[in-house]
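Heads up, the thing below is written out as structure tokens.
The values are calculated or read from the model by the stated rules, or taken from the named source; none is laboratory data. Just so it is clear, the model here is predicted, and its values are computed rather than measured. FYI the Cβ positions are ideal-geometry reconstructions off the backbone, even for glycines, and counts take in every protein chain you see.
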Amino acid sequence: MVQNDDTPLESMLCFDVYAVNLAFGRIYKPLLDPLGLTYPQYLVLMSLWGQDGQSVGQLGAGLGLDSSTLTPLIKRIEAAGLVTRKRDPQDERRVIVSLTDQGAALQSHVDHIRSCVIKDTGMSMAELLQLQSMIRRLRSSMALQDPE
């Protein structure tokens, strides 16, 4: 817990992280709605724009999602014509997710999103990079404590 003289919720770091997550959702929604994307779908596409042709397991590991959460999400993106799912010929248990031409082309329509989000935080780039570094360190440390 973080020492704070405010209400009990405001003294909890996890509540601040939760509230910031909700705030990010409010920032992203009007940016992604015209593209027909939800934030989790956008994250899947971002991952594939970085490295196309990933397995569901690779995507899940990178996004911190299990396949039971990720598979329905990918199916919706597939129904929108942005990705394809195919069994890996070397291992039929693995499903490979790849961008369609439409999904790859969508990347050029999201360039403005990062700058809009940065502007809406009200923080400088240096502050955001420092904060991101600290959050990554916290996330990494907490992952080490994960009993799984």
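Report, by residue number, each residue of the range 45-62 that is surrounded by 12 or more Cβ atoms within 10 Å (Cβ to Cβ) and within 24 Å of Met134 (Cα to Cα).
Met46, Ser47, Leu59, Gly60, Ala61, Gly62
Is one or more of the residues making up the range 3-10 outside the structural domain of Ala79 (by TED's automatic domain parsing), touching a residue at least 12 places away in the same chain (Cβ under 8 Å) and farther than 27 Å from Val97 by Cα?
no
Which condition breaks for Thr100 when tested against (1) assigned by TED's automatic domain parsing to the domain that holds Val17; (2) at pLDDT 95 or above; (3) of a type in the set (Ser, Thr, Tyr); (4) over 17 Å from the mean Cα position of the chain (by Cα)?
Tallying (1) assigned by TED's automatic domain parsing to the domain that holds Val17; (2) at pLDDT 95 or above; (3) of a type in the set (Ser, Thr, Tyr); (4) over 17 Å from the mean Cα position of the chain (by Cα), Thr100 fails exactly one: (1).
Out of Leu31, Leu22, Leu48, Leu37, which single residue is aliphatic (A, V, I, L, M) and in a loop (DSSP other than H, G, I, E, B)?
Only one candidate passes the filter, namely Leu37.
Which numbered condition trips up Met142, out of (1) assigned to a helix (DSSP H, G or I); (2) surrounded by 12 or more Cβ atoms within 10 Å (Cβ to Cβ); (3) not hydroxyl-bearing (Ser, Thr, Tyr)?
Met142 satisfies every listed condition except (2).
From the list Ala19, Ala80, pick out the single residue that is over 23 Å from Asp111 (Cα atoms) and either touching a residue at least 40 places away in the same chain (Cβ under 8 Å) or exposed (fewer than 14 other Cβ atoms within 10 Å of the Cβ) (or both).
Residue meeting the stated conditions: Ala19.
Residue-wise test of (1) part of a strand (DSSP E or B); (2) polar (S, T, N, Q); (3) in contact with a Phe, Trp or Tyr (Cβ under 8 Å, 6 or more places away or on another chain).
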| site | (1), (2), (3) |
| --- | --- |
| Thr69 | no, yes, no |
| Lys75 | no, no, no |
| Gly81 | no, no, no |
| Lys86 | yes, no, no |
| Arg94 | yes, no, no |
| Gln102 | no, yes, no |
| Ala105 | no, no, no |
